[in-house]
1. Sorted by mean Cβ packing within 10 Å, highest first, what order do the peptides 152-161, 280-289, 76-85 take?
2. Arg262: net charge of surrounding residues, Cβ under 10 Å, Lys/Arg +1, Asp/Glu -1, itself excluded?
3. Tally Lys and Arg at +1 and Asp and Glu at -1 over the other residues with C-beta under 13 Å from the C-beta of Ala313: what net charge comes out?
4. Check which residues have an amide H placed less than 5 Å from Arg321's amide H, if you skip close sequence neighbours.
5. Where does each of 211-224, 108-121 land if you order them by average Cβ count within 10 Å, highest first?
6. Give me the net charge for the shell around Leu218: Cβ to Cβ below 15 angstrom, other residues only, Lys and Arg +1, Asp and Glu -1.
7. Ranked highest first by average number of other Cβ atoms within 10 Å, how do 295-301, 261-267, 36-42 line up?
8. Gap in Å between the Cα centre of region 246-260 and the Cα centre of region 88-135?
Amino acid sequence: MLSRCNTPDVILNTVKTGRTPSQPRLRVLLPRPTVRWRLTLLYSLIFLISGAALLAITYWLFVNFAFTPPKEPNNPAMVRLQAAMSVVRSNGLHRLQLYSGLALAIMALVSVVLGWLVAGRVLAPLRTITAAADRISDTNLHERIAMSGPRDELRLLADTIDRLLARLEVAFDAQRRFVANASHELRTPLAMMRTTLDVAIAKPGGVPAQTRELDAELRVDLDHADQLLESFLTLAHAENGQLDERNQVALEPLIRSALSDRADQIAATKLTVETDLDAVDVAGSPTLLRRMIENVIENAVRHTEPGGSIEIALAPLHGRRARVIIDSSGPVLDQPAVTQLVQPFKRLSQDRTGSQDGHGLGLSIVAAVAAAHDGQLDLHARAQGGLRVQITLPAAAIPQLVGATT
């Protein structure tokens with residue numbers, strides 16, 4: 001007969017979670033099904049089967065060949081001897097079963113421990129390969145696993161991954177060289193176009209108003225193309241990961257300078273900007289770091305809706321690291337879409353301000369510059385709406401408080 005007191009709760013919990021109440025406890029107690037655990041169980045199972053087979057053979061030999069006196073039914077002495085030996089044999093078989101089972105249980109536990117150690121030793125090269133593959137990214141493709149030891153299957157796997165990394169390094173270098181070379185080559189026709197416009201506008205006798213309007217429109221497009229080429233060059237240089245210069249750079253003046261350059265735009269859109277800046281120095285390229293700060297502030301100013309707010313904080317972290325946080329107000333954004341903004345030419349499906357200015361490389365350059373300086377860019381959709389941009393860089397000196405609020 002079914003009980004009605006707990007059944008609905010159990011059914012409801014099973015429908016919501018997809019498991020019965022007893023399953024979470026079992027899930028916590030069971031070990032994670034790693035390859036090491038599977039190898040340990042396999043080794044233990046093989047030992048258990050082999051040990052059980054060995055004990056079965058030993059027991060069979062003991063039963064059939066041990067303590068078996070000759071049969072003489074007409075000899076009373078032999079009958080009594082056979083009865084005594086039968087009792088001894090029965091007790092011996094019982095003790096053999098008991099001690100064999102106890103020894104098998106002890107050795108089964110020992111086999112689990114030994115299997116765990118052996119599996120760990122066998123999988124140690126795989127952990128080395130995994131750690132190296134996880135450490136290597138597009139900025140350090142020159143690194144290799146370079147596993148030593150006998151040329152077994154694991155060594156062949158490591159060598160295969162090294163050859164794959166070599167091919168990837170060649171492909172990435174070719175791509176970066178192409179972008180840099182194409183950007184350089186495209187500057188010449190753009191300069192020629194500007195010269196042609198200058199000649200056309202400077203004709204004696206003046207030019208029609210329609211021609212001047214066309215000249216203004218073309219110059220705007222040429223400026224946009226120049227900015228795009230400059231961004232391509234900066235992105236290729238940053239992704240190369242090799243800094244031509246590495247000096248001690250103060251981030252606080254860079255932030256203030258970028259805000260000062262955009263003071264008119266901030267005032268025109270009635271943005272509220274608050275800063276909380278500590279004096280933190282980082283080691284790196286002043287040119288790339290300036291471009292990184294300018295891009296991230298330009299992104300915040302351009303994409304924050306009129307009347308919104310921007311909060312900028314610069315502070316040291318434990319472990320001699322610096323962190324820059326730029327919070328901008330706006331509508332609630334989709335986190336997966338925000339994460340994709342570090343890729344070139346990626347934009348949100350609906351821009352926060354409705355503006356389509358820019359070329360979609362700003363945050364890509366920020367991410368590349370941060371990575372070139374052993375740092376990291378993180379983008380987060382704020383719960384209250386808007387975007388948080390966080391840049392973490394290694395600090396070069398002990399910071400001192402010099403910040404203010406504007």
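Derivation of every value follows stated rules applied to the coordinates shown; laboratory data play no part. Note that the structure is a prediction, hence the values are computed from the model and not measured. As a convention, Cβ positions derive from the backbone with ideal geometry for all residues, glycine included, and neighbour counts pool all protein chains shown.
1. Going by the mean number of other Cβ atoms within 10 Å, highest first, we get 280-289, 152-161, 76-85.
2. Values: positive: Arg302; negative: Asp261, Asp264, Glu294, Glu298.
Net of charged neighbours comes to -3.
3. Local net charge: -4.
4. For Arg321, the qualifying residues are Ala395.
5. Numbers: 211-224: 12.7, 108-121: 14.8.
The packing order, highest mean first, is 108-121, 211-224.
6. Details: positive: Arg194, Arg212, Arg219; negative: Asp198, Glu213, Asp215, Glu217, Asp221, Asp223, Asp226.
Charge balance near Leu218 sits at -4.
7. Working: 295-301: 22.6, 261-267: 12.9, 36-42: 16.0.
Listed from highest to lowest mean packing, they are 295-301, 36-42, 261-267.
8. 62 Å
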